[in-house]
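Read the structure below first, then the notes.
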Amino acid sequence: MKRILFLVIFSFLGILVIYINNRPVPEKEKLPIINPAELNEEMVDPELQRLGLGHTIGNFSFLDQNGNTVTQEEVKGKVFVAEYFFTTCGTICPKMNRQMQRVHRKFKQDNRFRILSFTVDPETDTVAQLKRYADGHGAKADRWIFLTGKKVELYQLARKSFFVLKPAEAINQGDVGSDFIHTNNFVLIDQRMRIRGYYDGTSPKEVSKLIHDIGLVLEE
């Protein structure tokens with residue numbers, strides 16, 4: 001009887017080992033890489049609309065809330081989230097930056113991650129104004145970076161790199177546009193400066209997904 005029991009147990013363990021060694025390994029969840037050809041045409045400059053591969057965020061140079069010059073080198077090799085806002089906005093921006101505070105709290109100890117908040121109103125949003133705003137939101141200066149500079153350059157980056165401003169809105173204004181960019185989008189960028197997702201920054205549910213997706217990209 002003991003021999004039969006031993007054989008049954010041995011056979012069961014053998015079958016279990018074979019099953020474990022041969023079961024399919026689930027593929028890791030992976031975000032798409034977003035290029036201009038996959039976006040709504042009205043958001044993409046005509047010269048970029050057919051670009052199906054290889055889009056990356058362009059070079060930039062702006063001042064942060066401490067008056068330091070920040071370039072694309074700050075985020076190369078890191079994951080970051082970009083937004084466009086202005087400090088005197090009383091509609092969607094407060095909602096967006098309450099949600100961005102969630103992102104900041106989650107990742108502010110992780111040196112592989114940054115938040116870049118670009119102003120769309122540099123005439124008002126001076127370095128001193130951004131400093132007050134950043135401090136009011138508990139921003140750790142080397143993790144959540146608020147940026148100001150020349151309006152033309154801020155808007156060109158929005159149009160040709162992040163695609164959060166319609167090209168049609170930049171008319172007869174030196175490539176700036178006749179009004180502020182007023183977008184609720186948070187844009188997730190990976191270590192190779194590629195777009196990996198767009199998220200509604202006013203939606204707690206969307207921002208929860210963003211937080212999840214940041215974790216995925218950090219581990220790639």
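The values are calculated or read from the model by the stated rules, or taken from the named source; none is laboratory data. All of these numbers come straight from a predicted model, not from anything done at the bench. Here Cβ is always computed from backbone atoms with ideal geometry, including for glycine, and neighbour counts include all displayed protein chains.
Some observations on this one:
Yes or no, residue by residue, for (1) in contact with a His (Cβ under 9 Å, 6 or more places away or on another chain); (2) over 11 Å from Gln65 (Cα atoms); (3) acidic (Asp, Glu):
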residue: Val81; (1), (2), (3): no, yes, no
residue: Pro94; (1), (2), (3): no, yes, no
residue: Glu123; (1), (2), (3): no, yes, yes
residue: Ala128; (1), (2), (3): no, no, no
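- Residues of the range 153-168 that turn out to be assigned to a helix (DSSP H, G or I), out of contact with any Leu (no Cβ under 9 Å at 6 or more places or on another chain) and aliphatic (A, V, I, L, M), as a count: 2
- Scope the range 135-152; condition at pLDDT 95 or above and assigned to a helix (DSSP H, G or I); matching residues: Asp135, Gly136
- Candidates Pro94, Pro46: the one that is out of contact with any Gly (no Cβ under 7 Å at 6 or more places or on another chain), within 26 Å of His182 (Cβ to Cβ) and touching a residue at least 12 places away in the same chain (Cβ under 8 Å) is Pro46.
- Complete set of residues in the range 27-55 that are loosely packed, with under 14 Cβ neighbours inside 10 Å and in a loop (DSSP other than H, G, I, E, B): Glu27, Lys28, Glu29, Lys30, Pro32, Asn40, Arg50, Gly52, Leu53, Gly54
- Flag set for Gln99, criterion: more than 17 Å from Gly149 (Cβ to Cβ), modelled with pLDDT of 95 or more, under 14 Å from the mean Cα position of the chain (by Cα) and among the polar types (S, T, N, Q).
- Residues being surrounded by fewer than 23 Cβ atoms within 10 Å (Cβ to Cβ) and either in contact with a Lys or Arg (Cβ under 9 Å, 6 or more places away or on another chain) or touching a residue at least 12 places away in the same chain (Cβ under 8 Å) (or both) - total across the range 136-146: 6
- Positions within the range 89-107 being surrounded by fewer than 19 Cβ atoms within 10 Å (Cβ to Cβ), among the hydrophobic types (A, V, I, L, M, F, W, C) and either outside any loop (DSSP other than H, G, I, E, B) or touching a strand residue (DSSP E or B) at 6+ places or on another chain (Cβ under 6 Å) (or both), in sequence order: Ile92
- In the range 59-87, of all residues being among the hydroxyl-bearing types (Ser, Thr, Tyr) and surrounded by 16 or more Cβ atoms within 10 Å (Cβ to Cβ), the one that is farthest from Leu147 (Cα to Cα) corresponds to Thr87.
- Filtered residue count, the range 108-130, keeping only those that are closer than 23 Å to Val79 by Cα, touching a residue at least 40 places away in the same chain (Cβ under 8 Å) and either of a type outside the set (A, V, I, L, M, F, W, C) or outside any strand (DSSP E or B) (or both): 5
- Residues located in the range 56-88, provided they are assigned to a loop (DSSP other than H, G, I, E, B), touching a helix residue (DSSP H, G or I) at 6+ places or on another chain (Cβ under 6 Å) and of a type in the set (Val, Ile, Thr): Ile57, Thr87
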